Amino acid sequence: MADTVLSVQNLTMHYTTRKGDVSAVDDVSFDLEKGQALGLVGESGCGKTSVAISLIRLLPENARILGGHIYLDGTDILALSEPEVLKIRWTGISMVFQGAMNALNPVYRVGDQIVEALQTHFPDKSRAESREIVERLFRVVELDAAMIDRYPHEFSGGMRQRAIIAMALSCDPQVIVADEPTTALDVIVQDGILKELREIQDELDMAMIYISHDIAVIAEVSDRIGVMYAGRMAELSDTVTVFRQPRHPYTYALMSAFPSIKGPKRKLATLPGEPPDLLEPPPGCRFHPRCPRATAECRKVPPAFEDLGGDHFVACYHPIEESNG
Amino acid sequence: MAENAPLVEVQGLRKLFPVESGLFRQTHSFIHAVDGIDLKIQAGRTLGLVGESGCGKTTTGKLLVRLLDPTEGSIYVTDPELGQTVDLAGLKGRQLKAFRRRVQMIFQDPYESLNPRRTVFDTVAEPLVVQDVGTLSEREERVANLLQLVGLSPPSSFLFRFPHELSGGQRQRVAIARALVIEPVFVVCDEPTSMLDVSIRTGVMELMMDLADRFGVSYLYITHDLAVARYMCQEIAVMYLGKIVERAETEELLSNPLHPYTRALISAVPVPDPEYERTAIEIEGGIAAPIDPGEQCRFYDRCPLRTDRCGLEDAPPLVDRGGGHYVACF
């Protein structure tokens, strides 16, 4: 545990809406070690982005954190005051956002935006020094140095995403959270960005959290996978174990519903029903209305998120038996 | 199946969009969105049209249902009941409207393709109203049957709901019901599942295949996702900047891609298997808008295998390399 950079413990977060409270994140816990890449996977509304914005405390006004702790290097981020959070944001945890189009200000040159971030956090650095850092960052993300003085509209989608990665790296953070970093991109461009992120992570021994709905993307970049469903963590283990030996019925269904271009063509499993409305989440396990293994017990009390042995955490009363395959 | 006349046969289809610029919005150049493509779809089969954003796949789909008018080329559609073949490209007025009974479209975004102020019944029954099919009670029966078939059951609880009362998956099912209610023979599906979550998507894909069997419908399935295309389609055509570069049976195309672009595309698809080692073929540069492109192969600038010939000669034609595997490459 010596190398744990980030530890999330029992995080619970609600959004207050006119119709009532939306239980977006419920009792989510995970650890992240230095140099490790954790993939958070799940469908729309499962709470993966809500976890991410809790980590950097960029919460919308109607969000309330009801419980839990987020320790970054031993400091509880949730206990910090707003000015203290400002110091940690970008230097402690930075984020690569989903919409590369919206994350850059269209009326400023891309390089200047990164310089601005640098000078906010390191006021002693001169402009020339900051500029040097930007040039180095552009080399790291394989962007032409000439692009530093261009405006965002002159960048293609893939180049913009690279610029945003450069920005996320600028203040030398301990953890980078990448929320659907390649979702809007074409496959060939996506491939380049994923490769870039993996290389950067290796080189800098960075801790990363990838968030995606695409298990194929997560499979390629993550060492560990956390599967989320309806605001809760369903399963967490190393990537190969989650793919080869899924124990939670939802993980199993998710894996079996995903088509691949490799391997024999197989019939895809169909999951009945739809994810629950988090205004009124079902009692007990939130997956029980769709679960083929659900029993009376599942409808009453949510199952604990426990280690089934060998660092394999699952929240289920009736986990799928271990196979010897 | 016997080699009948194909249900849909597209020949030399082109669509140019003018690029307007300057004070008087003069047209100086054209975007060659679809530039001379040929396609054949046999009755009861599904053809996948794949490619990256901006390659012209959606424009092709819209041309095939005549939501856009082609600049050049023909779209022959055979009506299996009458045994007639008509060139859709030249139809106008009443004839075109009559043909819309045979050809329908399903759009990508079920949040935008349904009118928020109409009930499910109004939406699904609309094609019947427009085409003047059946009496009100017959229409009601047909809509209810179809809702049942697309998995919105019991139909009575869905008939008078509005789109905002439905989830994304349910909306797409309504859109599918609307497309199929007048029993078309050919449906263009433009990324019908790309907005849906995985656990919902499989159900909609299964439903579409099931309905294709039941009604004998053929699809043109437009998608950027090769894994989805593999699942849905018997045949795949790969498009690049307005041209079809390769076309073959699905498994043949995926296991033995011959065009360098298809190879790069396939190699870039992530595989949901952490132990699978992918070797991606890198290609240079990015996709550009095909504004007044030259005559040579459109992939020339990015192609890892290009030769002098590719730069000097006109774009290679799509030729059969055996077994119905068509490639446009020297």
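Only the coordinates and a few stated rules stand behind these numbers; no lab work does. Everything quoted here is computed from the prediction, not taken from an experiment. Cβ coordinates were reconstructed from backbone atoms using ideal geometry, including for glycine residues, and neighbour counts include every protein chain displayed.
Structure notes:
- Between 0 and 90 degrees, the angle of helix A:110-121 with respect to the longest Cα principal axis of chain A falls at about 80 degrees.
- 5 Å-binned pair-distance histogram of region B:229-330 (Cα, whole percent): 2, 12, 21, 23, 20, 13, 6, 2, 1
- Cα-based equivalent ellipsoid, region B:1-159: semi-axes from gyration tensor eigenvalues, Å: 32, 22, 16
- Furthest towards positive pole of dipole, B:114, A:234, B:326, structure part the protein assembly as shown, Cβ charges: B:114
- Kirkwood hydrodynamic radius (C-alpha pairs) into Stokes-Einstein, chain A, 10 °C and 1.306 mPa s, D in µm²/s: 76 µm²/s
- Intensity falloff of region B:174-255 expressed as log10 I(q)/I(0), Debye formula with alpha-carbon point scatterers, at q = 0.15 Å⁻¹: -0.57
- Dimensionless Rg over Rh [the protein assembly as shown; C-alpha; Kirkwood]: 0.98
- Counting every other Cβ atom within 10 Å of each residue's Cβ, B:223, A:49 order from fewest to most as A:49, B:223.
- Choice from B:234, B:296, B:84 with maximal GNM fluctuation in chain B (Cα, 10 Å cutoff): B:84
- Restriction of the trypsin sites (Lys or Arg not before Pro) in region B:105-208 to DSSP coil positions whose beta-carbon has at most 14 other beta-carbons within 10 angstrom yields B:117, B:118.
- Within a straight-line Cα-Cα reach of under 16 Å, residue B:97 can be paired with the following aspartates and glutamates, leaving aside sequence neighbours fewer than 8 residues apart in one chain: B:69, B:79, B:87, B:126, B:132, B:183.
- One equal scatterer on each Cα of region A:197-320, no solvent, Debye formula: the resulting log10 I(q)/I(0) at q = 0.12, 0.21 Å⁻¹ is -0.50, -1.28.
- Only Lys, Arg, Asp and Glu carry charge here, each on its Cβ (+1 for the first two, -1 for the last two); on that basis the protein assembly as shown has a dipole of about 1880 debye about its Cα centre.
- Couplings 3J(HN,Hα) of region B:266-279, computed from phi: 5, 5, 8, 6, x, 10, x, 8, x, 9, 7, 9, 8, 10 Hz, in residue order, whole Hz [Karplus 6.51 cos²θ - 1.76 cosθ + 1.60, θ = phi - 60°; x for Gly and Pro].
- Net dipole in debye of region A:255-325 [+1 Lys, Arg Cβ; -1 Asp, Glu Cβ; about Cα centre; nearest 20]: 520 debye
- Once you divide the Cα radius of gyration of region A:152-230 by 2.2 N^0.38 Å, the number left is 1.09.
- Listing A:151, A:210 from fewest to most neighbouring C-beta atoms within 10 Å gives A:151, A:210.
- Loop-resident sites, region A:40-121, for GluC sites (Glu not before Pro), counting at most 14 other Cβ within 10 Å (DSSP): A:61
- Average projection, convex hull of the Cα set of region A:119-258: 10.1 square nanometres.
- As a ratio to 2.2 N^0.38 Å, the alpha-carbon radius of gyration computed for region B:45-124 takes the value 1.28.
- Size of region B:113-183 from its Cα atoms: along the principal axes, largest to smallest, the extents are 30, 22, 19 Å.
- Comparing B:40, B:57, B:15 in a Gaussian network model of chain B where C-alpha atoms under 10 Å apart are linked, the largest mean-square fluctuation is found at B:40.
- Shown here: region A:62-198, whose C-alpha atoms stretch 44, 38, 28 Å along the first, second and third principal axes, sorted largest to smallest.
- On the principal axes of its alpha carbon atoms, chain B extends 67, 55, 52 Å, with the longest extent given first.
- Most mobile of A:270, A:75, A:120 in a GNM of chain A (Cα contacts under 10 Å): A:270
- Ascending count of other beta-carbon atoms within 10 Å, so fewest first, for B:310, B:233: B:310, B:233
- Antiparallel content of DSSP bridges confined to the protein assembly as shown, in %, to 5: 65 percent
- Listed by chain and number, the aspartates and glutamates whose C-alpha is less than 16 Å from the C-alpha of residue A:267, apart from same-chain residues fewer than 8 away, are B:206, B:210, B:251.
- Degrees, to the nearest 10: B:198-215 long Cα axis against longest axis of chain B: 80 degrees
- Sparse-neighbour loop sites [GluC sites (Glu not before Pro); region B:1-96; at most 11 other C-beta within 10 Å; DSSP]: B:3, B:81
- For residues of A:260-268, the mean tally of beta carbons on other chains within 10 Å: 6
- Å³ per residue enclosed by the Cα convex hull of region A:23-65: 87 Å³
- C-alpha long axis of helix A:157-169 to longest principal axis of chain A, angle in °: 80 degrees
- Furthest towards positive pole of dipole, A:248, A:28, A:288, structure part region A:4-314, Cβ charges: A:288
- Considering only A:60, A:47, A:12, and ranking their Cα positions along the charge dipole of region A:1-79 that arises from unit charges at the beta-carbon of Lys, Arg, Asp and Glu, the one farthest toward the positive end is A:60.
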